[in-house]
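Worksheet: the structure to be examined is printed underneath.
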2 protein chains.
Amino acid sequence: MKWFTEDAIMNTYHMTHAIKDVKNTLVSLGNEEIKTDERTVIETGSSNTMLYMPCVDLKEGYSLIKIISIFPENPQAELPTSQAVSIISELKTGRHLAALSSSYLTRLRTGAITGIATDYLAREDAEVLGVIGTGAMAFEQLLGVLEVRNIKKILLYNRTAQKATQFAARLRERGVKADIEVLEDVDSVTKQSDIINCATKSETAVFNHQAVRDGTHINGLGSYLPSMREITIDTIATADLIVLDDIEGARHEAGEFIEAESRAVFDWKTAIALYELIAGSIKRERAESITIFKSVGASYYDLAVGIGAFKQMS
Amino acid sequence: MKWFTEDAIMNTYHMTHAIKDVKNTLVSLGNEEIKTDERTVIETGSSNTMLYMPCVDLKEGYSLIKIISIFPENPQAELPTSQAVSIISELKTGRHLAALSSSYLTRLRTGAITGIATDYLAREDAEVLGVIGTGAMAFEQLLGVLEVRNIKKILLYNRTAQKATQFAARLRERGVKADIEVLEDVDSVTKQSDIINCATKSETAVFNHQAVRDGTHINGLGSYLPSMREITIDTIATADLIVLDDIEGARHEAGEFIEAESRAVFDWKTAIALYELIAGSIKRERAESITIFKSVGASYYDLAVGIGAFKQMS
């Protein structure tokens, strides 16, 4: 069995690759060539959990399980909240081929999913990207958007402004050419943005609906527990098109959508799954439509990038 | 993350260690310090399956998941039917510490379980061991018995006698001192044995009940599907003490016990779990009692040897 470190993967496998591989996996998902089972969650005390997410790709001929520890108190000991590893096996022989450190891959796949959804949903001429929350997942989420739209201005907002400034420096280091501004007022971010990325752990909505312009596309990936909120309920009620990366997952996890449904301003039946969106017949119909993409993650996204990275490095 | 090969583990971690570690884990199981969840099974076509068996040891502070491919047609391509790998994570930090190739460990833990059960159930003076079926699991199953009883004679029976002869050579190579005989009549094995080991893939009982002597202890680990049979229903009906390595698992998998229950000669409620046996109050009461131990496997046994081997090699 081969072992691939974070560094080896980061040096080889990038957003462009991830977007291509996730798209291919979504096509396979639509063709029923992907088999998953419910993820297993074992609580290990002090609100720590171990998650096990297995998935099989009958077309590519591999299985992948991602093992992820989610330890909310870890930052106090200067350790990351979540740490992941994936194991790839070969369906032809049953051999276990590789273990991949998967923290970067997890962030990358989330960015790739966001990029794909943004490509289908945001206006073609979108050029101002607002970022609300500059924490762990925000960087790759932003790179996903940059991959699919010609972004000229990036507006950053974070509760602790200093972290937004560090984030801006990191973007410049990475060679991002767009203008970057850190704003201390979330409304001025919202009002100027064509695309808004949210990646927070908030329990209340992180922007005001009144400030959202017509034609805005919103990406949310922060509220991954029923108790969390990120997008306002009014925006959900107003949106012309709502796309979810995994409808079953969102029903259990996406806090603001669970609330919107209980308030009868949203219906899971009208939500579109990302694999349906890329199948092609559904699209943004009016320039002034508000569109939303919400990501909670699913095992087949981890499979897509894990196998993609493995094939590229082998 | 560290990677441990089959060879590294085989050179370091042996039956004595495995028996000690499995016993400790069984004590923890009794103390509710072990958390498991149902294993996940994904079928990948042509009767191939991927199995995922996660388990958490709160006392030792580790989690382990065993990933095992079971590909029944593999021997036709000169590949093993089952191939396993385990991933160990640390509950204090959430870090993923090691990947262990686990085919040997799977056989070893099965042998250790058999050894422990035999130690508690077989007569102290047992000295003739009959082995019915000399396939993949039989070698370590036998080593488990040798660890706990002073065996003077080993009688081997296999449908293809030539394989039994090869098995005898392998035992001698390993330095086993007991007399070893290959017999072509299963009844003469049964009639002479104090302990009988069965490890077959049979769909009908592999010995005749009439040939079983009073005082015999029987170990079964072959019939792991409801369609399989190894121990005769009459022997189950006659046994004074029946111990199962995992009662829930046996209810779903142990073919002859499922049949015995449906024929009302056996009741799951009277079966003893191995962790209860080693807690101490239950034991063989009469020299002439027939006792049975049936193993189907469970994730905490894999955890016991995986963590044991990891600690020893670290």
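The values are calculated or read from the model by the stated rules, or taken from the named source; none is laboratory data. This structure is a prediction, so every number in the text was calculated from the model and none was measured. Virtual Cβ from ideal backbone geometry, glycine too; neighbours counted across all protein chains shown.
I'm trying to understand the selection: among the residues of region A:208-232, which are crowded, with 16+ Cβ neighbours inside 10 Å, over 21 Å from A:Glu140 (Cα atoms) and at pLDDT 95 or above?
Residues satisfying the conditions are A:His209, A:Ala211, A:Val212, A:Gly215, A:Thr232.
For region B:165-182, enumerate the residues that are farther than 19 Å from B:Arg149 by Cα and surrounded by fewer than 17 Cβ atoms within 10 Å (Cβ to Cβ).
B:Thr165, B:Gln166, B:Ala169, B:Arg170, B:Glu173
Name the residue, out of A:Gly61, A:Gly45, that is out of contact with any Gly (no Cβ under 8 Å at 6 or more places or on another chain) and under 18 Å from B:Ile67 (Cα atoms).
Just one listed residue meets the conditions, A:Gly61.
Checking B:Thr235 against (1) surrounded by fewer than 20 Cβ atoms within 10 Å (Cβ to Cβ); (2) assigned to a helix (DSSP H, G or I): exactly one of these is not met. Which one?
(1)
From the residues in region B:54-105 that are of a type in the set (Ser, Thr, Tyr) and assigned to a strand (DSSP E or B), which one is farthest from the chain's Cα centre (by Cα)?
Looking at residues that are of a type in the set (Ser, Thr, Tyr) and assigned to a strand (DSSP E or B), I get B:Ser89.
Under 6 Å between Cβ atoms, which residue pairs at least 6 apart in sequence (or on different chains) link something in region B:173-189 that is of a type in the set (A, V, I, L, M, F, W, C) with a partner that is in a loop (DSSP other than H, G, I, E, B)?
Every condition considered, the pairs that remain are B:Ala178/B:Ile151; B:Ala178/B:Lys152; B:Val186/B:Phe207; B:Val189/B:Leu183.
For region B:10-36, what are the residues that are under 22 Å from B:Ser101 (Cα atoms) and within 13 Å of chain A (Cβ to nearest Cβ)?
Matches in region B:10-36: B:Thr36 only.
Within region B:122-139, which residues are of a type outside the set (Val, Ile, Thr), surrounded by fewer than 23 Cβ atoms within 10 Å (Cβ to Cβ) and not in a loop (DSSP other than H, G, I, E, B)?
Matches in region B:122-139: B:Phe139 only.
Which ones in region A:40-54 are facing chain B (nearest Cβ under 8 Å), within 23 Å of A:Leu91 (Cβ to Cβ) and in contact with a helix residue (DSSP H, G or I) (Cβ under 9 Å, 6 or more places away or on another chain)?
The answer is A:Pro54, and nothing else.
Going through A:Val27, A:Val22 one at a time, which residue ends up being modelled with pLDDT of 95 or more, under 20 Å from the mean Cα position of the chain (by Cα), buried (at least 24 other Cβ atoms within 10 Å of the Cβ) and assigned to a helix (DSSP H, G or I)?
The unique qualifying residue is A:Val22.
Go through region A:183-193 and report how many residues are farther than 20 Å from A:Gln166 by Cβ and surrounded by fewer than 20 Cβ atoms within 10 Å (Cβ to Cβ). Full working, then the answer.
We begin by selecting, within region A:183-193, every residue farther than 20 Å from A:Gln166 by Cβ; these are A:187-188, A:190-193.
Still in the list and also surrounded by fewer than 20 Cβ atoms within 10 Å (Cβ to Cβ): A:187-188, A:191-192.
Matching residues across region A:183-193 total 4.
Would you please name the residue that is farthest from the other protein chains (Cβ to nearest Cβ), looking only at residues in region B:69-119 that are basic (Lys, Arg) and more than 17 Å from B:Val22 (Cβ to Cβ)?
Among residues in region B:69-119 that are basic (Lys, Arg) and more than 17 Å from B:Val22 (Cβ to Cβ), the one farthest from the other protein chains (Cβ to nearest Cβ) is B:Lys92.
Does A:Thr36 satisfy the criteria of being touching a strand residue (DSSP E or B) at 6+ places or on another chain (Cβ under 9 Å) and not assigned by TED's automatic domain parsing to the domain that holds A:Val305? Outline the logic, then answer.
Values: touching a strand residue (DSSP E or B) at 6+ places or on another chain (Cβ under 9 Å): yes; not assigned by TED's automatic domain parsing to the domain that holds A:Val305: no.
Judged against the criteria, A:Thr36 is not a match.
Within region B:268-297, count every residue that is outside any loop (DSSP other than H, G, I, E, B) and under 17 Å from B:Ile218 (Cβ atoms).
8
Would you call A:Ile180 modelled with pLDDT of 95 or more, under 22 Å from A:Tyr120 (Cβ atoms), part of a strand (DSSP E or B) and not basic (Lys, Arg)?
So A:Ile180 does not fit the description; no.
Out of the residues in region B:55-68 meeting the condition of being surrounded by fewer than 21 Cβ atoms within 10 Å (Cβ to Cβ) and of a type outside the set (D, E, K, R), tell me which one is nearest to the other protein chains (Cβ to nearest Cβ).
The extreme case among them is B:Leu58.
Show the residue pairs meeting these rules: Cβ distance below 8 Å; 6+ apart or different chains; first residue within region A:70-88 and under 25 Å from B:Trp3 (Cα atoms) and touching a residue at least 24 places away in the same chain (Cβ under 8 Å); second residue assigned to a loop (DSSP other than H, G, I, E, B) and among the aromatic types (Phe, Trp, Tyr).
Final answer for the pair search is A:Thr81/A:Phe71; A:Ser82/A:Phe71.
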